[in-house]
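The values are calculated or read from the model by the stated rules, or taken from the named source; none is laboratory data. As the structure is a prediction and not an experimental result, all values here were calculated from the model. Backbone-built Cβ (ideal geometry, glycine too); neighbour counts: all protein chains shown.
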Amino acid sequence: MAATLTIVLVGSPLALWMARRRTMVPRLLESALSLPLVVPPVLTGYLLLVILSPRSLLGRWLESLGLRFALDWKGAVVASAALAFPLFLAVARVAFEKCDKKLEEAAKTLNASPGRVLFTVTLPLALPGLLAATAVSFARAFGEFGATMMLAGNIPGQTRTVPQAIYTHLLAGRERQAWGLALVSIVVGVGAIAIAQLLARPRLHPFVTKERDA
């Protein structure tokens, strides 16, 4: 949940900014942020470990502030968020791009402030897409294994995630426990996909009219 919340809080403003910019900068940034989707998760975890390790400048500075990520639950949050963030960003950007600009312009002609336009027009228009992006990214973060193992380790009661618990049970020959957790993972994944598909239906959109359905 912490990883998903982090993704939503950081990804939503970034997706909105990318959707409204027609330059190459947002596209290049999105391409860079999407690298975790195409490189091995273990490599992503290793790079995060190098960046956030107490041996690095950033890691030492963060530790001076009381923030430790290597072999810590916060590292598991960062690793899971890093792998799921590109999925959220891609879906959320499309959701903002599909917002009807005419409705936003109409609100501006009524002297609505930019903040009011954002919260009363833009966000309601993009809400189904944002919720679908949240569901998909939650499932991806829930199932993360390689990057989390590299950065946070597999410490029982601290950094061990469900995929790591499955791996540990299998190594120990506890197949029944492994299968139980595997079923939980499957249910979460199927549920996330079902929610995303349900939210993608036009009838759930707050501004869809009967004429459009017809």
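Counting only helices (runs of 4 or more DSSP H) that fall entirely inside region 46-141 and contain at least 2 residues that are at pLDDT below 90, the qualifying elements are 57-64, 101-109, 114-117.
The single condition among (1) touching a residue at least 60 places away in the same chain (Cβ under 8 Å); (2) under 30 Å from Q164 (Cβ atoms); (3) surrounded by fewer than 16 Cβ atoms within 10 Å (Cβ to Cβ) that A70 does not satisfy is (3).
Condition check ((1) in contact with a Gly (Cβ under 8 Å, 6 or more places away or on another chain); (2) of a type in the set (F, W, Y); (3) surrounded by fewer than 18 Cβ atoms within 10 Å (Cβ to Cβ)) across all residues:
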| site | (1), (2), (3) |
| --- | --- |
| S113 | no, no, yes |
| V117 | no, no, no |
| T120 | no, no, yes |
| L125 | no, no, no |
| L130 | no, no, no |
| F138 | no, yes, no |
| G143 | yes, no, no |
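For region 2-45, a residue qualifies if it is surrounded by fewer than 16 Cβ atoms within 10 Å (Cβ to Cβ) and in contact (Cβ under 8 Å) with a residue 60 or more places away in the chain, and the qualifying residues are A2, V10, R20, P40, V42.
Within region 151-184, the set of residues being part of a helix (DSSP H, G or I) and either touching a Lys or Arg at 6+ places or on another chain (Cβ under 6 Å) or surrounded by fewer than 16 Cβ atoms within 10 Å (Cβ to Cβ) (or both) comprises L170, L171, E175, R176, Q177, W179, G180, L183, V184.
Under the condition of being of a type in the set (V, I, T) and either touching a Lys or Arg at 6+ places or on another chain (Cβ under 6 Å) or in a loop (DSSP other than H, G, I, E, B) (or both), the residues counted in region 29-45 number 2.
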